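Heads up, the thing below is written out as structure tokens.
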Ligand SMILES: *Cc1c(COP(=O)(O)O)cnc(C)c1O
């Protein structure tokens, strides 16, 4: 039996996709081998990666002047690739809303002057700072955000006013959860293991004019976006398996009705959980309501022993990975695209029952 998996990442994948992959496992479309065994230069794989690109372009309505790159090293590798490719003036503005933004900020400091222009560290990252009028240095090469904060459960519902600077956004944990306007960004990228596919692949969507030979001296060939763009993400052997599964997930999303439908569905799921938290006398959400994420929902009882008891009992009842991030404690339910509504309904029933017995 499959459990309800609330992991923050690697995370739940659509059951239909896993079944299709299982069917294809030994003999992909009659070619006599699996996707893991075929040449990345074969016609078969060329179809897989081209179709995946076409489908994500359609899903996200990505304009023609943006490249879609399928890269390795996860989102963390882009923490370095971003300054290496974009820091012409060796200066960038960072908004610090959690661990992932902090890590990207620390990485950027290795390559130039990274300036913190806003932060929500004062209240353990439980909100998104006001970004309507930030002191962004004139000569900053870009403004950097982590759009959905996986660990703290906050999300930008309004993008920062970058005052004409390029916006770079890490969308790892909200990737494909709702429609976005790609034209508002210079770079949008995400590790796929949160909301899209298997770990080890990061998809970077980059405006073409930002992909140049003018990178920081010493930038590794592999980290230069131009290398990857010129070679259609096949400069070296890519993560073929993850690209294939992501392709199946893109088809699944299209069959579901696309990102507007996913947004409605995700809003509905999140509302079930937040409505419960807002009326509960035992559990409470930790995020300022207007900054809540639809994907990652942290909550606490206010009593560490009770939190532990909840995590243990929920696991025994078939709800996996509800323990909060090791740096914040409490609980966190990640309710990505592939989490069925029923999973959230059952979780809320379980929480109500726990509250009755322990309230
Ligand atoms: C998980 C996560 C990362 C790190 O992803 P890796 O692929 O493991 O490097 C970066 N940013 C955000 C927002 C994440 O949730």
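Computed from the coordinates by the stated procedures, all read-outs in this text should not be read as laboratory data. Please read all numbers here as calculations on a predicted model, not as lab measurements. Heads up, the Cβs are rebuilt from the backbone with ideal geometry, glycines too, and the neighbour counts pull from every protein chain shown.
The single condition from (1) in contact with a helix residue (DSSP H, G or I) (Cβ under 9 Å, 6 or more places away or on another chain); (2) within 16 Å of the ligand (Cβ to nearest atom) that residue 99 fails is (1).
For the stretch 116-140, taking the residues that are touching a residue at least 40 places away in the same chain (Cβ under 8 Å) and farther than 19 Å from residue 157 by Cβ, the one that is nearest to the chain's Cα centre (by Cα) is identified as 124. Residue-level check: of (1) under 18 Å from the mean Cα position of the chain (by Cα); (2) within 16 Å of the ligand (Cβ to nearest atom), residue 106 misses just (1). Looking only at the stretch 2-49, how many residues end up being touching a residue at least 12 places away in the same chain (Cβ under 8 Å) and either outside any helix (DSSP H, G or I) or under 30 Å from residue 328 (Cα atoms) (or both)? Residues meeting the conditions: 17. Taking the stated definitions as given, is residue 119 away from the ligand (no atom under 13 Å from the Cβ), under 25 Å from residue 330 (Cβ atoms) and surrounded by fewer than 18 Cβ atoms within 10 Å (Cβ to Cβ)? Taking the combined requirement at face value, the residue satisfies it. Residues of the stretch 163-180 that are on the phi < 0 side of the Ramachandran plot and without any contact (Cβ under 8 Å) to a residue 40 or more places away in the chain: 167, 169, 171, 175. Yes or no: residue 53 touching a strand residue (DSSP E or B) at 6+ places or on another chain (Cβ under 9 Å), more than 28 Å from residue 298 (Cβ to Cβ) and either surrounded by 14 or more Cβ atoms within 10 Å (Cβ to Cβ) or in contact (Cβ under 8 Å) with a residue 40 or more places away in the chain (or both)? In short, yes. When the stretch 56-72 is examined, which residues are found to be crowded, with 20+ Cβ neighbours inside 10 Å and in a helix (DSSP H, G or I)? Those that are crowded, with 20+ Cβ neighbours inside 10 Å and in a helix (DSSP H, G or I): 56, 60.
Residues that are within 13 Å of the ligand (Cβ to nearest atom) and touching a strand residue (DSSP E or B) at 6+ places or on another chain (Cβ under 9 Å) were ranked within the stretch 78-89; the one that is nearest to residue 165 (Cα to Cα) is 82.
Residues checked against (1) within 16 Å of the ligand (Cβ to nearest atom); (2) part of a loop (DSSP other than H, G, I, E, B); (3) under 23 Å from residue 88 (Cβ atoms):
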position: 204; (1), (2), (3): yes, no, yes
position: 216; (1), (2), (3): no, yes, yes
position: 222; (1), (2), (3): yes, no, yes
position: 234; (1), (2), (3): no, yes, no
position: 237; (1), (2), (3): no, yes, no
position: 269; (1), (2), (3): no, no, no
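Can you tell me which of 92, 75 is buried (at least 18 other Cβ atoms within 10 Å of the Cβ) and within 10 Å of the ligand (Cβ to nearest atom)? Going through 92, 75 in turn, the sole match is 75.
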